[in-house]
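Visitor: First, the structure itself, so that you have it in front of you.
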Number of protein chains: 4
Amino acid sequence: MSSEAKAKVFGQKAKQTRQRILAAAAQELAERGGDLEIANVANTAQVSSGLIYRYFDSRTDLIAATVEDFYDQYDQWVIDINPLPGADWISRERARVERSISFIRKHPLAKVVFLNRQKEPLVAAVESRRLAAHLQLAIENVLLAQERGEIDSSIDAYVACPMIMGGIRELLVQLLSDSPQLNKKPHKMLDQTMAFMARAMGL
Amino acid sequence: MSSEAKAKVFGQKAKQTRQRILAAAAQELAERGGDLEIANVANTAQVSSGLIYRYFDSRTDLIAATVEDFYDQYDQWVIDINPLPGADWISRERARVERSISFIRKHPLAKVVFLNRQKEPLVAAVESRRLAAHLQLAIENVLLAQERGEIDSSIDAYVACPMIMGGIRELLVQLLSDSPQLNKKPHKMLDQTMAFMARAMGL
Amino acid sequence: MSSEAKAKVFGQKAKQTRQRILAAAAQELAERGGDLEIANVANTAQVSSGLIYRYFDSRTDLIAATVEDFYDQYDQWVIDINPLPGADWISRERARVERSISFIRKHPLAKVVFLNRQKEPLVAAVESRRLAAHLQLAIENVLLAQERGEIDSSIDAYVACPMIMGGIRELLVQLLSDSPQLNKKPHKMLDQTMAFMARAMGL
Amino acid sequence: MSSEAKAKVFGQKAKQTRQRILAAAAQELAERGGDLEIANVANTAQVSSGLIYRYFDSRTDLIAATVEDFYDQYDQWVIDINPLPGADWISRERARVERSISFIRKHPLAKVVFLNRQKEPLVAAVESRRLAAHLQLAIENVLLAQERGEIDSSIDAYVACPMIMGGIRELLVQLLSDSPQLNKKPHKMLDQTMAFMARAMGL
DNA sequence: GATGAATGAGGCTTCATTCAT
DNA sequence: CATGAATGAAGCCTCATTCAT
C-alpha cells in the first residue's frame, strides 16, 4: 500500500531523515493547502530531492504516508487514550472534543486533512480507511454505552454517530476558519456543543 | 472575477454550447473525483478544447462555474422552495433532508462537491461563499424559530447549525458510499435522523 | 502497439509535421548511435518538445515508429519491388544486394538499425517482427525456386536463408565500417559476394 | 582505459568478490537484454553498491569487463583450442560450430552479446576489437588453407569470412530464439550448415 | 463561432557516483 | 575492505493556454 508495505529496514540516522522528510511534507501540505512539491519538501528537510525516493515510492506515496502519520498522532492524542477512565459517556466525549480542539490548533495539517479530501486513490484510501475506523470506534462506543444503559437503546448508532462526527468536524473547521461567533467564548462554545450532544443522545 | 463578471452575452446556440460544456465538466469532475482535464471536457461536450476558452476564462473558472451551477440547482431544489409553508420547524427540515437525499442521489457531482473542497482560491471562494450562505440561512432559520418560541432560546444557533449541517452532510456521504447499515431501511434512517435533530434542538 | 494502432486522424499540415518529427528522430538516432533525446528531436524538427506527444505516445513509441518507417522504406526499395521480373534466382538476388548497398549508403539510420538491436521491448518487437518477415520471405523465395527446379531440393531453406541473410548483413556492416579491404573495389566485392551465394546454393 | 589498465592488485578474497560481481553483471545483462543497473548487480552479488566502484571505474567499465570476460570464455572454448589438430579446414570448422552451439546454449550472456551491440564507446570498442580479432583469425585461417591448396585461391577471404561469420551468428541467434524449424533436428541442422559452408568455400 | 495544431514552463523520477563512517 | 545514505544532474512527460486559419 504505502511504503510501509515494503517494510524497509533503516538504520538510526535513516529513521531520523525519514522523520525529517515527513515533517517537511506535513508543513508543505499545510502551507499549500493539500498540495506538495517534492523540491520544496527536499528544501525544507535539508535533503536532496532524490533522497526522498529512498524512503517513499512516489510523491503520492509520500502524501499518503504523511496523512497516515497525521492520523497516527491524532489517534494517539484523541482516540487511543481514554482520558477519563471510569467516567460516563458524555464526560469522556467532552474530554475528547477538548483534546481534538487543542490538537487541531497546534497541528498545521489539521485544516487540510479535514477539509480537502484527496483525489489520488492512494491517499484517498488512507483517509477513507482511517475515517471508517474512527466511525467504527464511535459506533462500538455507543453500542457499549447502550448495553450499560447509559444511552437509550432506541437510538440508532449508525445514524447518530455519523451525525455527531460530521457535526464535530464541521465545528472544528469553523473554528479553524476563524469564525468570530465561535472563537470569542471558547468555553461557552464547548458547553453548547456538549449540551447539543447530550440532548441528541437523549441524556 | 469569474466568467459571470464579464457578463458575456450569448446567442441561443451559444447558450446551449455553454450548457453542454458545463454538463461535461460536471461529469468529468464526478468521474475523476474532483479533478478535470480540459481535453476530456472538450471531448465529452463534443467541442474543440479551444472553444471552451470562449465561454470560460480558465480551467479554474470553468470549475468554479460548474460548482456554482451545482449549488444553483441544489438551492433551487432544496433551499429556495419552502416545501411546507406554514409547517413547523422540524417538519420543514424533514422535507429538506428528504429533498437533499433525492438530489444527491441523482446529481453525479454531489459526492465530489461535498467531499473534496478545492484548493484553487477561485473555486474555494465559491464553495466557501455558498456554504456560508447555507449556514447563514440555517442560523436565521433557527433564530426565527426561537423568536416564535418553537425552539428553546438557550440553544446557541451558531453551534447547533454547523453541527446539524455537518452531521447531515456526513450522513449523505455515508449514504453515497453505500453504507449497508444506512441503505437497507431508508425510511427508518430518515426517522432516526429527524429524531436526532429534534432531540438536539430540544423539541 | 505503436501510435499507429490508435489510428489517429491528422490533417494535411499535421501529417507533414509528423513526417518532420520522424525524419528528425532518424537523424538523431543515427547521430547518437541508437539513442535519442526528445529535446534534440524537437530542435531538429523545429517543433516544441510537447508537440511530439501529439503524434507519439512516448519516446519509445517514437523510436519504434522511426524504425518501422525505416523498414517501410527499406522494403519498398529492396524487397517489394521485383527488380528483374522473369529473371532467375541469382540475378534477382544480385539486384537486391545492389539495391541494399545503395540504400544503406544513403540512409543514415541503416548502420544503427543493423547494428544495435534495441533493448526496449516495444522497439525490439518491431525489429523482431520485421526481421522475421524478411526471413520468411527469403525462405518462401527459396522454396519456390526449389519447386521450379532452380535450386537443389536437398538444401534446407531454414538453414541456408538465415546464413545468407546474416552473411549479407555482416557484409553491409563491414562496408559501413569503412573496411578498406571491401571498399576499394566495390564491383569485385559484389561479384565475390554473388559467387559465394551461388556456390552456397548449389548453382 | 578499462579496469585492467590500472592493474589493480587484489587479494584472494577480493578476487572472489570481483568474480561475483562479474557474474552478477552477466546475469543482469542477460535478464535485462543488454542493460544493467548497478543496484541490481550489487544485490545479486551480495555486495553494497559502493563496493563495485572499488573494482570497476564506472558502470560502463563494468559492462566492458563483463563482455571482455564473456569473450575470454568464448575464445577459450571455441577459438583458442584447436579441436582437431591436423584435420582439414572443414572438419575443424565443424568442430568449432559444434562448440559454439554448446557454448551459447549454456552462457546466458550469449544472446545479448551477439544481438545488442552497445552504444557506449568503451563497450563498443571492446566488442569491435574482439569481433575484429575473430574476423582476422578467420581470414588468416582461410588464407593459410588457400596456401595449402585446401581452398580455392579465387575466393576472396575478405568477402567470404564476414559472410560465413555473419551467417553462423544469425543461425545461432535463430537457435536461441527457439525457432522450431531449426531446433527439432539438431544433427541435420549441423550437417546442412556445414554442407552450406563447404559449398560456399568451393569444397 | 469553431477548430486543433502548437507552445513551453514546470514537476516528477531515475540512477550512476561519492563519501563519511 | 565494506557499507549504504546522500547527492544532483538529466530527461521524460503533462496539460493549460494561445492563435492562425
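The values are calculated or read from the model by the stated rules, or taken from the named source; none is laboratory data. The model shown is predicted, which means the values in this text are computed figures rather than measured ones. We place every Cβ from the backbone using ideal geometry, glycine too, and count neighbours over all the protein chains shown. Just so you know, the surface numbers come from the protein's heavy atoms only, side chains and all, with ligands and any DNA or RNA stripped out. Shrake-Rupley method; radii C 1.70, N 1.55, O 1.52, S 1.80 Å.
Visitor: Filter region C:169-178 down to residues that are closer than 17 Å to D:F114 by Cα and more than 7 Å from chain D (Cβ to nearest Cβ), then give me how many there are. Write out each step before concluding.
Guide: Here is the first cut: in region C:169-178, the ones closer than 17 Å to D:F114 by Cα are C:169-174.
Among the residues that remain, those that are also more than 7 Å from chain D (Cβ to nearest Cβ) are: C:172-173.
Adding up the residues that qualify gives 2.
Visitor: So which residues in region A:138-160 are open to solvent by less than 30 Å² (accessible area, probe 1.4 Å) and over 11 Å from B:Q192 (Cβ atoms), if there are any at all?
Guide: A:A138, A:I139, A:V142, A:A145, A:Q146, A:I151
Residue-by-condition table, conditions (1) among the polar types (S, T, N, Q); (2) at the interface with another protein chain (Cβ under 9 Å from one of its Cβ atoms); (3) in contact with an Asp or Glu (Cβ under 8 Å, 6 or more places away or on another chain); (4) farther than 25 Å from B:D35 by Cβ:
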position	(1), (2), (3), (4)
B:A87	no, no, no, yes
B:R92	no, no, no, yes
B:L115	no, yes, no, no
B:R129	no, no, no, no
B:L144	no, no, no, yes
B:E147	no, no, no, yes
B:D156	no, yes, no, yes
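Visitor: Kindly list the number of the only condition in (1) surrounded by 17 or more Cβ atoms within 10 Å (Cβ to Cβ); (2) within 8 Å of chain B (Cβ to nearest Cβ); (3) in contact with an Asp or Glu (Cβ under 9 Å, 6 or more places away or on another chain) that fails for A:M194.
Guide: A:M194 satisfies every listed condition except (2).
Visitor: Considering each of D:K6, D:K13 in turn, give the residue that is at pLDDT below 90, more than 22 Å from the chain's Cα centre (by Cα) and within 16 Å of DNA strand E (Cβ to nearest atom).
Guide: Values: D:K13 fails: within 16 Å of DNA strand E (Cβ to nearest atom).
Only one candidate passes the filter, namely D:K6.
Visitor: For region B:1-102, which fully contained helices (runs of 4 or more DSSP H) count at least 2 residues that are of a type in the set (K, R)?
Guide: Once the helices (runs of 4 or more DSSP H) in region B:1-102 are filtered for at least 2 residues that are of a type in the set (K, R), what remains is B:12-31.
Visitor: Could you tell me whether any residue of region C:39-62 is at pLDDT below 95, open to solvent by 10 Å² or more (accessible area, probe 1.4 Å) and either within 14 Å of chain D (Cβ to nearest Cβ) or within 16 Å of DNA strand E (Cβ to nearest atom) (or both)?
Guide: no
Visitor: Residue check, D:L36 against (1) under 26 Å from C:V123 (Cβ atoms); (2) away from chain C (no Cβ under 14 Å), all met but one. Which one?
Guide: If we test D:L36 against (1) under 26 Å from C:V123 (Cβ atoms); (2) away from chain C (no Cβ under 14 Å), just (2) comes out false.
Visitor: Restricting to region A:179-191, name every residue that is within 23 Å of B:R117 (Cβ to Cβ) and either more than 8 Å from every other protein chain (Cβ to nearest Cβ) or surrounded by fewer than 17 Cβ atoms within 10 Å (Cβ to Cβ) (or both).
Guide: A:P180, A:Q181, A:N183
Visitor: Got at least one residue in region B:21-37 being farther than 29 Å from B:I168 by Cβ and either modelled with pLDDT under 95 or open to solvent by 60 Å² or more (accessible area, probe 1.4 Å) (or both)?
Guide: yes
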